[in-house]
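Step one of this worksheet: look at the structure below.
The values are calculated or read from the model by the stated rules, or taken from the named source; none is laboratory data. Keep in mind that this is a model prediction, so the values were computed, not measured. No Cβ is skipped: glycine too gets one built from the backbone with ideal geometry, and neighbour counts run over all protein chains shown. What goes into the accessible areas is simple: the full protein's heavy atoms, side chains included, and nothing from ligands, DNA or RNA. Shrake-Rupley method; radii C 1.70, N 1.55, O 1.52, S 1.80 Å.
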Amino acid sequence: GLYSRNIENLFCAGRNISVTHAAMSATRVMATCATLGQAVGTAAAIAVKNGLSPRGVYERKMSLLKETLMDDDSWLPFNTRPIPELTKTARVRASDGNAAVLVNGVDRPVRGADNGLWLPKGGWVEFALGRTAAIRTMRLVFDSDLNNKYLMPSNYPLNMKNRAVPGAMARVFRVEAREGDGAWKTVARVENNYRRLVRLPLDAKAASVRFVLEDTWGADRAHLFACEVS
C-alpha cells in the first residue's frame, strides 16, 4: 500500500511501501521507486486540493488519480487514457497513415500493437472541428525509445558510441490554425525539442488546427504516439 493504515495523513513511497514477497523484487528497482513517487505526489496534490486523507483519495478520487497520472504519461497497464472532448468530436486525419492511433488513449507499444504513427518531414496531423472553437492546448507524445533496453547502460566501454536524443523524436514542429477555408496561420512553433511529452499552450480560435513536422533528430520520419487538442 502507498498510505498508512493507522496514521491518517501519511503517504508512503519507494522501498518503504507495503507489498507481498512476490512484488518485492520489482519495487526495489529505482525506476519503480520513481513511478511510485510520482503516484504518491499526484495523490497528495489531489488530497490537498479536495481536503481528503490518503484513504479518501483511494475511496473517492481514484478515477481522477488514474486519469491525471496517465495524462502525465504514466503507464497504467489495462487502463486507457481518456480523450479530450474537443478531440473526440473532431475529424482527425493525417498526411501519411492512420491518424486514429493518435487518439486511442494508449501512448506506447503494447503487446505487439505499435499504437503510433510514422510521419515524414513536412507531414501533418489535422483536426477539423466542424465549428469555430477555442483551442487551449495541444498534447503530443513522441517516441523516446523507451522500449530500448540498452538506453541506460550500466557500463561505458572506451569506444562506446555517444548517446543522443533518439532519431525518431520530433525536433522542430509547428502548429497551424485556420477558420473555414482560409489560409493556415502558425500559432506556435517549437525548436530543439527533446521531450517525449509536450503540452503546447495555444490561444487560438479556429475551425481547424494541425500539427506539422519540420525536422527530427536524424531519422527520416518521426514516431508519434499521441496528438490531441483541448
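Values as computed for the structure displayed
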item	result
Cβ-Cβ under 9 Å pairs, at least 6 apart or on other chains, region 111-124 side closer than 12 Å to Asn147 by Cβ and of a type in the set (Val, Ile, Thr), far side at pLDDT below 95 and open to solvent by less than 30 Å² (accessible area, probe 1.4 Å)	none
So Phe127, is it modelled with pLDDT under 95 and either more than 30 Å from Gly167 (Cβ to Cβ) or not in a helix (DSSP H, G or I) (or both)	no
Failed item, numbered, when Val106 is tested on (1) open to solvent by 60 Å² or more (accessible area, probe 1.4 Å); (2) in a loop (DSSP other than H, G, I, E, B); (3) among the β-branched types (Val, Ile, Thr)	(1)
Residue ID - farthest from the chain's Cα centre (by Cα), chosen from residues in region 30-57 that are within 23 Å of Gly105 (Cα to Cα) and among the hydroxyl-bearing types (Ser, Thr, Tyr)	Thr32
Lone unmet requirement of (1) open to solvent by less than 60 Å² (accessible area, probe 1.4 Å); (2) under 24 Å from Leu140 (Cα atoms) for Gly112	(1)
Residue selected from region 11-40 under the condition in a loop (DSSP other than H, G, I, E, B) and open to solvent by 70 Å² or more (accessible area, probe 1.4 Å), by the criterion nearest to Ser74 (Cα to Cα)	Arg28
Selection count where residues are touching a Ser or Thr at 6+ places or on another chain (Cβ under 8 Å) and more than 19 Å from Leu213 (Cβ to Cβ), scope region 83-106	6
Those residues of region 175-196 which are within 12 Å of Ser208 (Cβ to Cβ), modelled with pLDDT of 95 or more and not hydrophobic (A, V, I, L, M, F, W, C), in sequence order	Glu176, Arg178, Lys185
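Quick grid of which residues meet (1) buried (at least 17 other Cβ atoms within 10 Å of the Cβ); (2) in contact (Cβ under 8 Å) with a residue 60 or more places away in the chain:
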{"site": "Arg55", "(1), (2)": "no, no"}
{"site": "Tyr58", "(1), (2)": "no, no"}
{"site": "Lys61", "(1), (2)": "yes, no"}
{"site": "Lys66", "(1), (2)": "yes, no"}
{"site": "Met70", "(1), (2)": "yes, no"}
{"site": "Asp73", "(1), (2)": "yes, yes"}
{"site": "Leu76", "(1), (2)": "no, no"}
{"site": "Thr87", "(1), (2)": "yes, yes"}
{"site": "Ala90", "(1), (2)": "yes, yes"}
